[in-house]
Amino acid sequence: MNQSQHFCGTSAHDISRRVFLSQSLAVGSGALLGTSGAVHALDEDSLNAALQKTGRNVILLWLAGGASQLETWDPKPGRPTGGPFASIPTSVPGVHFSELMPKMAKRMHRMTVIRSLNTGDGGHGTGAEMMLRGRKNEAAIQYPDLGAIVAKELGRADSKVPGYVSFYSQTEGRGSGKLSPAFLGARYAPMNLDDGSMPPNLSRLEAISDLSHQDRARLRDLLSARFASGRETETMRSHSAAYARVHGLMSSEPLFDIEKEPKWIRDRYGPSLFGQQALMARRMIEAGVSFVRVSRAWWDSHGQNFETHAEMVPELDHVMATLMDDLDQRGLLDSTLVVAFGEFGRTPGVNASLGRDHFANAWSAAMFGCGLQAGAVYGKTDDDGNTVTEDEVGAGELFATILAAIGINPNKEYHVGARPIPLVNPGIKPIRSLLA
Amino acid sequence: MSTTANFQIAEEKKISRKDILFSLARVPESDRVFCGSSDGTVYQADLAAEKPEPTAFEGEIRHRPGGYVTGLALAAGNRRLVSGAYDRQLIWWDTETGKSIHRVENAHAKWIRKVVASPDGQLIASVADDMVCRLWNAGSGEPVAELRGHRIETPQYYPSMLFTCAFSPDGSRLATADKTGHIIIWDVASRKEISTLDASCMYTWDPKQRRHSIGGVRSLAFSPDGRTLVAGGIGQIGNIDHLGANARIRFFDWEKAVTIAEVEASESKGLVERLAFHPGGNWLLGCGGDNGGFAILIDPTTRKIVFEGKAPFHIHDFLLTDSPERFIAAGHNGLVVQKISGV
């Protein structure tokens, strides 16, 4: 077995199927994970009932490196900062996108745009960490990222597929933001698919026949049941559940095989890696994965911003539009939230390399799917895009809005030891006017 | 600017601006120049003035604000100026009145990158990111021909870009070059492709770290005898967030379709945006930049760099004057007159 390629529990450390199993067992037995305190969700049983009721899930299109708001959702044509692209009308009167987004422009009535993000952190690592958590980590506590929270809150306890999958095929910025379940524990860590779209080591070893594999499982079940008889504890249940999950993961191998999709659907998403991974995200959502991050790196266009965006935005436009249509046609759009943003936007000023630099003071995010008011544009920037002039939104408000849209109460609290940890910082509220 | 060996380039006059100037044209035997701006305007300036103040061309027909004016060419005995811009329009201007008189609204389907006039002034050639080179009657603005041969997409299925073109000195040949480094030589009379050249060394596709591309052939020039074609761009870039590689120029014997030499700058980073030979073939001048600007002089015989120095800004275009040792350069936030000495 190639030990360098496994399922990952964190972005920094790969976790093999075997390690995954041991960590799952550890979670069930109440061992300390992530921080020095055990986690006690306030109302886990009722939550599980609620999540089964909602059945919602999230696809995050992570625009790593920072896509330009001016070349996507908030164009400023004709202004000194506007760059060379024209704007085009969308299906919502009065709302314009960059001319690079004709497909999403036709679908604006089905989506939501926030143009007034002021997140204040123009660093790749620190910005990503904040946007993925809705706040900055503290010295004393590391917060779980969005995917981990969604996997915990919306994932089915009996699910045989992973709750949280992250694609990040490019290497630049892969470590930014450090995906982590933190105190939620490794059970909610992402399965990181970095070096391909198929998890390594998922397949049964060739030396073990399918029959032998099944026999071994039956024997383990038998022995476990015998051992557990009269020992009805959480640890016993967790032990069996963890093995069931591993078997579930192994049996979900076809989920990662995009060739299982008809060719015409694969063609529809286009030949790009981003498109193919977006299709895989749809397959996973369909199969019950709660949160999938599809990363598209690298937008950090300090040089030749306009040519970079001329290359990358049409791909984003095509993939987003195809994903929207596909989810809709499969009846998944009412239960799936798709969000697109990165760690920041880009400067209105154009540098001497015809580039735009990091900018977190007035930028945009886009969303569509469940729980949102479709056709809404929230917030406004000034004529040159330098400042937010209406309805400023911080990372926390965006985070809270995403949670609320998928039916998670942002004010819910976890406890790490005796310390209550709300999902968002105190005082942070979702943008009510954007919620359906 | 600095000095190398016996060469020196010195700044004679500089006009600072807030916009970016992408293109230049000049009426021969005069100090009158025209500049294409990032604000979508064509300006004219009298460089003989102590403090030249560019004034805008006007008219009911104009480029879209923000449509970078990337191509300018004089036509019809210098009575007409043809501008091409990212707004896809070609506009004919009366150089005496400064008024627009004719336009082709959708001259191309994508950004127009370059506009040049044939040596006899009869034809205008325009290239754009729709990957088509179009020939126009310089006087009437009527379409004459379209040359298709560049691939619409890069090998990685992303939109390609057709950056530049140049006529041979006798006007019988036209060279066009794209983002992937593919160069085509066309026979102007028959509109046929007669040769292709490879400068893919100037195209960087990063498949792993950042998964997009940068670079391409940004400038072309035929030698005064028409036998050599030079292509300017940038070398392979490690970190494509920036134009972080040395400027690069490749010499071709285009008739044999072979590379004669490749020259890589040692101190100058960024794109070679413009190339021009001294009319007598004494030197080849290349200018461009990244966050800063540069000028490079090359001995066409030895194909060695004889001068390399910083320019006051990233240069997007330059023109030799009637005295070829003096050139006018336009670029990021400025216009400058430079003099080459020691030649």
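The values are calculated or read from the model by the stated rules, or taken from the named source; none is laboratory data. Keep in mind that this is a model prediction, so the values were computed, not measured. Counting neighbours? That spans all protein chains shown, and the Cβs are built from the backbone with ideal geometry, glycine included. The area values use the complete protein model at the heavy-atom level, side chains included, leaving out ligands, DNA and RNA. Shrake-Rupley method; radii C 1.70, N 1.55, O 1.52, S 1.80 Å.
Taking the stretch A:110-132 as the range and being farther than 23 Å from residue A:377 by Cβ and open to solvent by 10 Å² or more (accessible area, probe 1.4 Å) as the test, the residues that pass are A:121, A:122, A:123, A:124, A:125, A:126, A:129, A:130.
The set of residues in the stretch B:89-102 being within 22 Å of the chain's Cα centre (by Cα) and open to solvent by 10 Å² or more (accessible area, probe 1.4 Å) consists of B:89 alone. For the stretch B:107-118, the count of residues that are open to solvent by 20 Å² or more (accessible area, probe 1.4 Å) and touching a helix residue (DSSP H, G or I) at 6+ places or on another chain (Cβ under 9 Å) is at least one. Can residue B:53 be described as open to solvent by 20 Å² or more (accessible area, probe 1.4 Å), acidic (Asp, Glu), more than 22 Å from the chain's Cα centre (by Cα) and within 25 Å of residue A:352 (Cα to Cα)? In short, yes. For the condition free of Cβ contacts under 8 Å to residues at least 12 places away in the same chain and within 13 Å of chain A (Cβ to nearest Cβ), what is the one hit in B:256, B:179, B:208? None of the others qualify; the one that does is B:208.
One line per residue, one yes/no per condition, for (1) under 30 Å from residue A:415 (Cα atoms); (2) at pLDDT below 80; (3) within 14 Å of another protein chain (Cβ to nearest Cβ):
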| position | (1), (2), (3) |
| --- | --- |
| A:189 | yes, no, no |
| A:203 | no, yes, no |
| A:235 | yes, yes, no |
| A:246 | yes, yes, no |
| A:279 | no, no, no |
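Evaluate the following for residue A:341: is it of a type in the set (Phe, Trp, Tyr), closer than 23 Å to residue A:252 by Cα and under 16 Å from the mean Cα position of the chain (by Cα)? Answer is no for this residue. Just name the residue that is most open to solvent (accessible area, probe 1.4 Å) out of those in the stretch A:250-277 that are among the small types (Gly, Ala, Ser) and away from chain B (no Cβ under 14 Å). Out of the qualifying residues, it is A:251. Taking the stretch A:207-223 as the range and being of a type outside the set (Gly, Ala, Ser) and not in a helix (DSSP H, G or I) as the test, only A:208 passes. From the list A:341, A:359, the one residue that fits, being under 30 Å from residue B:67 (Cβ atoms), open to solvent by 10 Å² or more (accessible area, probe 1.4 Å), away from chain B (no Cβ under 14 Å) and of a type in the set (Phe, Trp, Tyr), is A:359. Taken together, the residues in the stretch B:132-171 that are aromatic (Phe, Trp, Tyr), more than 23 Å from residue B:101 (Cβ to Cβ) and either assigned to a strand (DSSP E or B) or free of Cβ contacts under 8 Å to residues at least 40 places away in the same chain (or both) amount to 3. The lone criterion from (1) in contact with a Lys or Arg (Cβ under 7 Å, 6 or more places away or on another chain); (2) more than 14 Å from chain A (Cβ to nearest Cβ) left unmet by residue B:160 is number (2). Does any residue of the stretch A:417-431 turn out to be under 16 Å from residue A:337 (Cα atoms) and either in contact (Cβ under 8 Å) with a residue 12 or more places away in the chain or open to solvent by 30 Å² or more (accessible area, probe 1.4 Å) (or both)? The answer is yes; a qualifying residue exists. Of the residues contained in the stretch A:380-396, one or more are found to be in a helix (DSSP H, G or I) and out of contact with any Pro (no Cβ under 7 Å at 6 or more places or on another chain).
If the condition is being farther than 19 Å from residue B:177 by Cα and under 19 Å from the mean Cα position of the chain (by Cα), then the stretch B:269-280 contributes B:269, B:278, B:279.
Of the residues making up the stretch B:83-96, one or more are out of contact with any Leu (no Cβ under 9 Å at 6 or more places or on another chain), in a strand (DSSP E or B), modelled with pLDDT of 95 or more and within 14 Å of chain A (Cβ to nearest Cβ). The residues of the stretch B:172-192 that are within 24 Å of residue B:22 (Cα to Cα), open to solvent by less than 40 Å² (accessible area, probe 1.4 Å) and not in a loop (DSSP other than H, G, I, E, B), listed by number, are B:174, B:175, B:176, B:177, B:178, B:183, B:184.
Filtering the stretch A:308-318 to residues that are at the interface with chain B (Cβ under 7 Å from one of its Cβ atoms) and either of a type in the set (Gly, Ala, Ser) or farther than 24 Å from residue A:165 by Cα (or both) leaves A:308, A:310, A:311, A:314. None of A:93, A:84, A:89 is at pLDDT 95 or above, in contact with a His (Cβ under 9 Å, 6 or more places away or on another chain) and either more than 12 Å from chain B (Cβ to nearest Cβ) or under 28 Å from residue B:41 (Cβ atoms) (or both) except A:89.
For every residue, the table says whether it meets (1) touching a Cys at 6+ places or on another chain (Cβ under 6 Å); (2) away from chain A (no Cβ under 14 Å); (3) surrounded by fewer than 24 Cβ atoms within 10 Å (Cβ to Cβ).
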residue	(1), (2), (3)
B:291	no, no, yes
B:316	no, no, no
B:330	yes, no, no
B:333	no, no, yes
